[in-house]
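Chemist: This is the structure, below, for whatever I ask next.
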Amino acid sequence: MASPNRIPEIRKDTVNNRWVIFSPARSRRPSDFKSKSNLINPTSQPECPFCIGHEHECAPEIFRVPASGPDWRIRVIQNLYPALSRDLESSGELAGRPGGGSVALSGFGFHDVVIESPVHAVHLPDLDPVKIGDVFMAYKKRIEQLQCHDSIQYVQIFKNHGASAGASMSHSHSQMIALPVVPPTVSTRLDSMKEYFGQTGKCSLCEIRFDALLIDESIHFISISPFAATFPFEIWIIPRYHSSHFHELDGVKAIDLGRLLKLTLRKMNVQLNSPPFNFMIQSPPLQVSPTQLPYTHWFLQIVPQLSVVGGFEMGTGCYINPVFPEDAAKLLREVSISS
């Protein structure tokens with residue numbers, strides 16, 4: 001329960017260069033934050049194009065795990081309704097069209113889907129850590145393939161779980177979008193981490209003090225509620241030791257990350273009534289200089305969908321969070337999960 005003496009605070013997120021207002025007066029007790037879940041009912045759609053045996057209904061496959069045979073565990077496919085076109089690169093039509101201060105580029109890029117299980121009703125936290133680790137290694141393999149395209153600068157990995165989190169399919173899957181530009185939030189994060197490194201000579205994520213913010217930890221990772229969490233019950237899973245890019249992940253660390261992600265999602269589901277959520281793997285641009293490596297550090301961000309972004313947030317880029325991270329971390333840390 002939140003302390004009755006809590007007063008509002010404005011905290012600086014030094015990783016994302018963002019201010020967050022913590023306003024306990026706008027909230028009930030943190031323990032009362034339960035999702036009015038609107039998850040798509042998996043039993044209402046027992047089979048779909050992502051299910052095993054329905055491969056012909058999907059967009060073209062890029063690869064599968066295992067690499068051959070009908071009994072796959074993971075498939076990476078093209079998105080049937082891509083945000084960008086992978087067919088524009090050969091035309092060379094990346095010419096800018098300046099006008100009135102605006103610039104337009106042709107919509108080249110890659111938009112892929114990672115089907116995490118062949119079984120419709122099996123969700124990511126239902127998988128064992130090794131199989132979740134296989135999903136991470138599939139992400140890594142696809143990033144390494146996308147690196148071969150010189151014009152691709154950034155790859156965003158994300159998962160939308162639940163209708164209000166943006167999922168149109170209930171079958172467990174995640175997505176990858178490869179861009180020919182570096183998104184502004186990524187550039188801002190890179191600049192902010194550079195500023196901290198310039199002031200301290202240290203990586204801002206390596207230096208996080210997580211005593212009251214810690215949720216769980218494993219051999220290679222920690223899960224925390226960040227000091228200036230943008231959203232209620234936001235969670236970061238961070239490599240304990242400095243790691244610049246997600247695709248540096250190896251098989252052992254992938255399983256360890258799978259184990260911690262599984263535990264974290266199960267705790268979140270118990271405490272918050274299985275909320276819709278998004279997770280994003282926040283990694284730097286594919287090409288960074290050797291001088292940038294000491295302060296670039298990837299992490300996995302989980303955002304349960306418990307609140308609505310309003311006009312103040314959209315107008316200022318400054319968010320109001322009714323739950324102090326220390327309270328969120330305590331409630332999640334104390335959830336008991338049977339193995």
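Chemist: With the radius of gyration and the Kirkwood radius both derived from the Cα set of the chain, what is their ratio Rg to Rh?
Modeler: Here the Rg-to-Rh quotient is 0.96.
Chemist: Quick one: net charge around GLN301, please, counting Lys, Arg +1 and Asp, Glu -1 for every other residue with C-beta under 12 Å from its C-beta.
Modeler: 0
Chemist: Using only protein heavy atoms and a 1.4 Å probe, report how much of CYS148 is accessible, in Å² to the nearest 10.
Modeler: 100 Å²
Chemist: How long is the gain from GLU57 to ILE219 if the chain were fully straight, where each residue apart is worth 0.36 nm and the alpha carbon distance is subtracted?
Modeler: Result for the pair: 54.2 nm of gain on full extension.
Chemist: Once every DSSP H run of n ≥ 4 in the chain is given -39500 (n - 2.57) and the sum is divided by its residues, what mean residue ellipticity at 222 nm do you get, rounded to the nearest 500 deg cm²/dmol?
Modeler: Taken over the chain, the calculation gives -7000 deg cm²/dmol.
Chemist: Which cysteines does the chain leave without a neighbouring Cys Cβ under 4.7 Å?
Modeler: Flagged as lacking a Cys partner: CYS48, CYS51, CYS58, CYS148, CYS318.
Chemist: Report the label-to-label distance for GLN292 and GLN78 in nanometres (one decimal), using points 7 Å from each Cα along the Cα→Cβ vector.
Modeler: Distance between the two pseudo-spin positions: 3.0 nm.
Chemist: Moving on to the next point. Output wanted: per-residue J couplings in Hz (rounded whole) for segment 229-244, from phi through Karplus 6.51 cos²θ - 1.76 cosθ + 1.60, θ = phi - 60°, x for Gly and Pro.
Modeler: Those phi angles translate into 4, 6, 10, x, 6, 4, 10, 10, 10, 10, x, 5, 10, 4, 9, 6 Hz.
Chemist: Over segment 147-232, what is the mean sequence separation of C-alpha contacts under 8 Å (at least six apart), divided by residue count, expressed as relative contact order in percent?
Modeler: 19 percent
Chemist: Excluding residues fewer than 8 places away in the same chain, name every one of the aspartates and glutamates whose C-alpha is closer than 17 Å to that of LYS159.
Modeler: The qualifying aspartates and glutamates are ASP112, GLU116, ASP126, ASP134, GLU234.
Chemist: Excluding residues fewer than 8 places away in the same chain, name every one of the lysines whose C-alpha is closer than 17 Å to that of LYS202.
Modeler: Once the sequence-local lysines are set aside, what remains near LYS202 is LYS194.
Chemist: Calculate how many DSSP beta bridges within the chain are antiparallel, expressed in % of all such bridges and rounded to the nearest 5.
Modeler: So the antiparallel bridges amount to about 90 percent of the total.
Chemist: Roll a 1.4 Å probe over the protein chains and send me the accessible area per residue for segment 145-248 in Å².
Modeler: So segment 145-248 comes to 41 Å² accessible per residue, rounded to a whole number.
The values are calculated or read from the model by the stated rules, or taken from the named source; none is laboratory data. Values in this document were obtained by computation on a predicted structure and should not be read as measured data. Cβ coordinates were reconstructed from backbone atoms using ideal geometry, including for glycine residues, and neighbour counts include every protein chain displayed. When the accessible area is computed, the model is the full protein with side chains, heavy atoms only, and any ligands, DNA or RNA have been set aside. Shrake-Rupley method; radii C 1.70, N 1.55, O 1.52, S 1.80 Å.
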